[in-house]
Amino acid sequence: MTAALSDKQERAYLESTARQNLFHGSVRSGKTFSSILRFAKDLRHGPPGDFLISGVTRETIQRNLGADFKRITGFELPPVHSNYFKVWGRAVHILGASDLQAERKIQGSTLAGAYVDEAALLPHSFYKMLLSRLSVTGAKLIATMNPQGPYHWMKESYIDRQDELDMNVFHFV
């Protein structure tokens, strides 16, 4: 752990042990850095199997995660035309999920972990499919998002029901 983390970042990093872990809140609040730090730990020490990084597009994944991912792991995200790379010997797939077609791209997958950038901007059907693909024992999802409206699918189906689900929600301001 680095001394540069805020108390909130450190708490979220340490307590993101549920099946679903959502880091949400305002822009520039530290959620992305601490979520990538946690994802890196899961990549290195999580259950065996493939991992997935998803976001709205490959370009937004690169822009939002690239620098911090390299700083934390030492690995660069592959160029935007590539959808696969290896981190510490583990297969990591990268997928833009901007429309309803995205869920077909992960159908049939078996995943040990996933990172979702800007989860609230993805189709709910993709998110549900992704949860079903996290079928390895101990699989975990780390997701980030900025605030959305009170009737957004993420709030109604997940945040409001976090006590019923195996889910931790961390709010950053």
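When you scan the range 26-33, do you find a residue that is free of Cβ contacts under 8 Å to residues at least 60 places away in the same chain and of a type in the set (S, T, N, Q), even just one? No; the residues of the range 26-33 include none that is free of Cβ contacts under 8 Å to residues at least 60 places away in the same chain and of a type in the set (S, T, N, Q). When residue 64 is tested against (1) surrounded by 20 or more Cβ atoms within 10 Å (Cβ to Cβ); (2) free of Cβ contacts under 8 Å to residues at least 60 places away in the same chain, only condition (1) is not met. Within the option set 124, 93, being of a type outside the set (Phe, Trp, Tyr), buried (at least 16 other Cβ atoms within 10 Å of the Cβ) and touching a strand residue (DSSP E or B) at 6+ places or on another chain (Cβ under 9 Å) holds for one residue only, 93. The residue that is nearest to residue 92 (Cα to Cα), among those in the range 20-51 that are open to solvent by less than 30 Å² (accessible area, probe 1.4 Å) and of a type in the set (Phe, Trp, Tyr), is 51.
Could you grab me the full set of residues in the range 25-49 that are in contact with a Ser or Thr (Cβ under 7 Å, 6 or more places away or on another chain), outside any loop (DSSP other than H, G, I, E, B), closer than 15 Å to residue 170 by Cβ and not β-branched (Val, Ile, Thr)?
Narrowing the range 25-49 to residues in contact with a Ser or Thr (Cβ under 7 Å, 6 or more places away or on another chain): 30-32, 35, 38, 40, 47, 49.
Filter once more, keeping what is outside any loop (DSSP other than H, G, I, E, B): 31-32, 35, 38, 40.
When the remaining residues are screened for being closer than 15 Å to residue 170 by Cβ, the result is 31-32, 35, 38.
Answer for the range 25-49, where residues must be in contact with a Ser or Thr (Cβ under 7 Å, 6 or more places away or on another chain), outside any loop (DSSP other than H, G, I, E, B), closer than 15 Å to residue 170 by Cβ and not β-branched (Val, Ile, Thr): 31, 35, 38.
Residue by residue, here is whether (1) of a type in the set (Ser, Thr, Tyr); (2) touching a residue at least 40 places away in the same chain (Cβ under 8 Å); (3) more than 20 Å from residue 31 (Cα to Cα); (4) open to solvent by 70 Å² or more (accessible area, probe 1.4 Å) holds:
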site	(1), (2), (3), (4)
68	no, no, no, no
83	no, no, yes, yes
107	no, no, yes, yes
115	yes, yes, no, no
142	no, yes, no, no
156	no, no, yes, yes
163	no, no, yes, yes
168	no, yes, no, no
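The single condition from (1) open to solvent by less than 70 Å² (accessible area, probe 1.4 Å); (2) closer than 26 Å to residue 111 by Cβ; (3) of a type outside the set (D, E, K, R) that residue 17 fails is (1).
Here is a check on your reading of the model: is residue 79 open to solvent by 40 Å² or more (accessible area, probe 1.4 Å), part of a loop (DSSP other than H, G, I, E, B) and modelled with pLDDT under 95? Let's see the steps before the verdict.
Numbers: open to solvent by 40 Å² or more (accessible area, probe 1.4 Å): yes; part of a loop (DSSP other than H, G, I, E, B): yes; modelled with pLDDT under 95: yes.
Answer is yes for this residue.
If you filter the range 127-173 down to residues that are part of a loop (DSSP other than H, G, I, E, B) and in contact with a Pro (Cβ under 9 Å, 6 or more places away or on another chain), you find that the one that is farthest from residue 109 (Cα to Cα) is 138.
The values are calculated or read from the model by the stated rules, or taken from the named source; none is laboratory data. In this text, all values refer to a predicted model and were calculated from it rather than measured experimentally. Every residue, glycine among them, receives a Cβ derived from its backbone with ideal geometry; neighbour counts consider all protein chains shown. Remember, those area values only see protein heavy atoms, side chains included, never the ligands or the DNA or RNA. Shrake-Rupley method; radii C 1.70, N 1.55, O 1.52, S 1.80 Å.
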